[in-house]
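The values are calculated or read from the model by the stated rules, or taken from the named source; none is laboratory data. Nothing here was measured: the structure is a model prediction, and the numbers come from that model. Glycine gets a Cβ as well: all are built from the backbone with ideal geometry, and neighbour counts include every protein chain shown.
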Ligand SMILES: Cc1cc2nc3c(=O)[nH]c(=O)nc-3n(C[C@H](O)[C@H](O)[C@H](O)COP(=O)(O)OP(=O)(O)OC[C@H]3O[C@@H](n4cnc5c(N)ncnc54)[C@H](O)[C@@H]3O)c2cc1C
Ligand SMILES: Nc1ncnc2c1ncn2[C@@H]1O[C@H](COP(=O)(O)O)[C@@H](O)[C@H]1O
């Protein structure tokens, strides 16, 4: 099986996000960047399937030069090779123009299955996977927690989280699956893995290689624009309820919830 | 030129979801300002009876798109039904709730229509020149953005449940109901639902709950969640958990609140034995009221809550359940 994993580099979840004073974006100079956590599940699942069926795992990443670190992490985990869309023309896009570039890069490749993350934890769009599936003309299943590929590698049975339970869906391959936490436990890159990763192929792809119009991708091709960013209102320190006994504090709290907050 | 504001009216178990009414109410104001009509779209099988529910919240028209193949939600079936209708009538704005269904359907529809989609919005409105724009959290709510759209239409947005306020329904308002037939063949639907597994005890999805009671590592064990369930019962709340509680196997992944779990904005969030880590806060920081029960006076959560009790949760929670029961009886 040939499996593609779309991977994005994002700020670590620990990062404090500070908006630039002019609202044009966030301050990213002091942020640690990592592989999007949901994409780790995608890489892991691809590796598990490769162990079973053979084939290759290819990482596809659109991002600046800095993203090479996250790509190397994926290769160190065990992916075979990577495609890095590292042309500045691809950057600053929304889900539509990002998916457009990814689709163009993937169209020329051989694949039986594509993994994306459920969402990227920076822009929180949860949109690139479905958009990519639409552009490639293949089905999507989002928020996936289990994947079983048939012996012949032609179809898959997939669990996806819904309200109050799960749906089990059968889908012919290729398809785009977006990985949710719970799908697996991503492995850590081993030391030999890290050494090997250095020698693995990372193909750099520029806009000319894909024959795309510069106005169709990145910021220029986006269908939505961030007009302004701002910080959420800071929550004030709370009212710590004093009392001698649990009974007293609980009673005071119940009264405040009813009379002041009016939520019960 | 594209005209009309449309709301995808989501339904389940025979009723229209509340988020639809929240969106219709807010969209009504926008429709009045720009002088366009407000339409609801109901997709399904034998769903005409639901159409009457949309008029009282402001819909002028309700399109009812029916087909046997739409009995169960599938990405491909619903995408076809909705995009065919949109292409025919060309609305200027298309909205839905940022629910499990909305999050699957709208990205696909937007890509097919080659238009812009802003997801999980917390507000929608018009700028000074009457252009539609939205506000949405990014970085799990650590930052917010105002987002505008290119000229492509419809301008699409999904809106988080529980943030817009529904108007009181005006039962005298009737919407025109328009039935639409859509052609869908079994071949159109490649990803087929073969089974639905319900998880017993899980009632309302966390993202739609108005009150949430959550437990963290301080709960010490799965069996102790019983006291939270009892509190939830009197508050009509849904029970959630921190990642520490989920990783310990006490609660399901689908019950995790936070940056890598569900992002919720209930009216009331009661955090029990949760320290308030940045990733947890990212998932519930927009709750209207936050209550923290924690025995550590230094717990970060005390700096970000509305009401805090610094004590042993095993003493406080059962008492709180009792006190609320008493209040509710009066
Ligand atoms: C990539 C990544 C993603 C993450 N995503 C999430 C996420 O989505 N959601 C999430 O929640 N976390 C997430 N985390 C984990 C997060 O960093 C914290 O580890 C986690 O939230 C801690 O959970 P907790 O508050 O339950 O546990 P702790 O931090 O251990 O806090 C337990 C609290 O219980 C209190 N306590 C103990 N006993 C009692 C008692 N008897 N009475 C009252 N109080 C008591 C203690 O004082 C303490 O404050 C993520 C971490 C990473 C690295
Ligand atoms: N720049 C990118 N490069 C590669 N994959 C991406 C990129 N952006 C998004 N994706 C994929 O799409 C998923 C969802 O991203 P998003 O729609 O931005 O939330 C991510 O988890 C990735 O798998």
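Below are the figures for this structure:
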| read-out | value |
| --- | --- |
| Matching entry among A:126, A:175 (being at pLDDT 95 or above, within 16 Å of ligand 1 (Cβ to nearest atom) and closer than 17 Å to residue B:79 by Cβ) | A:126 |
| Residues located in the range B:256-280, provided they are within 15 Å of the chain's Cα centre (by Cα), crowded, with 22+ Cβ neighbours inside 10 Å, within 12 Å of another protein chain (Cβ to nearest Cβ) and more than 16 Å from ligand 2 (Cβ to nearest atom) | B:265, B:266 |
| Residue within the range A:93-107 that is out of contact with any helix residue (DSSP H, G or I) (no Cβ under 8 Å at 6 or more places or on another chain) and crowded, with 21+ Cβ neighbours inside 10 Å present | yes |
| Single unsatisfied condition, residue B:107 versus (1) part of a helix (DSSP H, G or I); (2) at the interface with another protein chain (Cβ under 7 Å from one of its Cβ atoms); (3) more than 13 Å from residue A:95 (Cα to Cα) | (3) |
| Contacts under 8 angstrom Cβ, first residue in the range A:116-135 being at the interface with chain B (Cβ under 7 Å from one of its Cβ atoms), partner within 16 Å of ligand 1 (Cβ to nearest atom) and assigned to a helix (DSSP H, G or I), 6 or more apart | A:121/A:37; A:121/A:38; A:121/B:139; A:121/B:140; A:122/B:139; A:124/B:139; A:124/B:140 |
| Pairs, first away from every other protein chain (no Cβ under 14 Å) in the range A:178-196, second within 16 Å of ligand 2 (Cβ to nearest atom), C-beta under 7 Å, six or more apart | A:187/A:44; A:187/A:77; A:189/A:73; A:189/A:77; A:193/A:77 |
| Filtered residues of the range B:110-150 (kept if in a loop (DSSP other than H, G, I, E, B) and crowded, with 21+ Cβ neighbours inside 10 Å) | B:115, B:116, B:142 |
| Positions within the range A:3-39 being surrounded by 20 or more Cβ atoms within 10 Å (Cβ to Cβ), in contact (Cβ under 8 Å) with a residue 60 or more places away in the chain and more than 10 Å from chain B (Cβ to nearest Cβ), in sequence order | A:3, A:4, A:5, A:6, A:7, A:8, A:9, A:36, A:39 |
| The range B:151-185, residues that are part of a loop (DSSP other than H, G, I, E, B), within 14 Å of chain A (Cβ to nearest Cβ) and crowded, with 16+ Cβ neighbours inside 10 Å | B:152, B:153, B:154, B:160, B:161, B:162, B:163 |
| Residue B:216 vs. criteria over 17 Å from residue B:21 (Cα atoms) and either more than 9 Å from chain A (Cβ to nearest Cβ) or crowded, with 20+ Cβ neighbours inside 10 Å (or both) | yes |
| Long-range neighbours under 6 Å by Cβ, at least six apart or interchain, first residue without any contact (Cβ under 8 Å) to a residue 12 or more places away in the chain within the range B:234-258, second assigned to a loop (DSSP other than H, G, I, E, B) and within 13 Å of ligand 1 (Cβ to nearest atom) | B:253/A:181; B:253/A:182 |
| Whichever residue in the range B:282-330 is touching a strand residue (DSSP E or B) at 6+ places or on another chain (Cβ under 9 Å) and more than 9 Å from chain A (Cβ to nearest Cβ) and, among such residues, is farthest from ligand 1 (Cβ to nearest atom) | B:287 |
| Unmet criterion (only one of (1) within 25 Å of residue B:259 (Cα to Cα); (2) away from ligand 2 (no atom under 13 Å from the Cβ); (3) within 19 Å of the chain's Cα centre (by Cα)) for residue A:165 | (3) |
| Residue check for residue A:144: more than 10 Å from chain B (Cβ to nearest Cβ), crowded, with 19+ Cβ neighbours inside 10 Å, within 16 Å of ligand 2 (Cβ to nearest atom) and modelled with pLDDT of 95 or more | yes |
| Any chance residue B:242 is modelled with pLDDT under 95, away from ligand 2 (no atom under 16 Å from the Cβ) and closer than 25 Å to residue A:122 by Cα | no |
| Whichever residue in the range A:148-170 is facing chain B (nearest Cβ under 10 Å) and surrounded by fewer than 20 Cβ atoms within 10 Å (Cβ to Cβ) and, among such residues, is farthest from residue B:97 (Cα to Cα) | A:155 |
| Sole residue being part of a strand (DSSP E or B) and surrounded by 19 or more Cβ atoms within 10 Å (Cβ to Cβ), chosen from B:291, B:317 | B:291 |
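Rundown of residues vs (1) within 16 Å of ligand 1 (Cβ to nearest atom); (2) within 16 Å of the chain's Cα centre (by Cα); (3) closer than 29 Å to residue B:258 by Cβ, yes/no style:
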site: A:67; (1), (2), (3): no, yes, yes
site: A:86; (1), (2), (3): no, no, no
site: A:93; (1), (2), (3): no, yes, yes
site: A:99; (1), (2), (3): no, yes, yes
site: A:102; (1), (2), (3): no, yes, yes
site: A:115; (1), (2), (3): no, yes, yes
site: A:120; (1), (2), (3): yes, yes, yes
site: A:133; (1), (2), (3): no, yes, yes
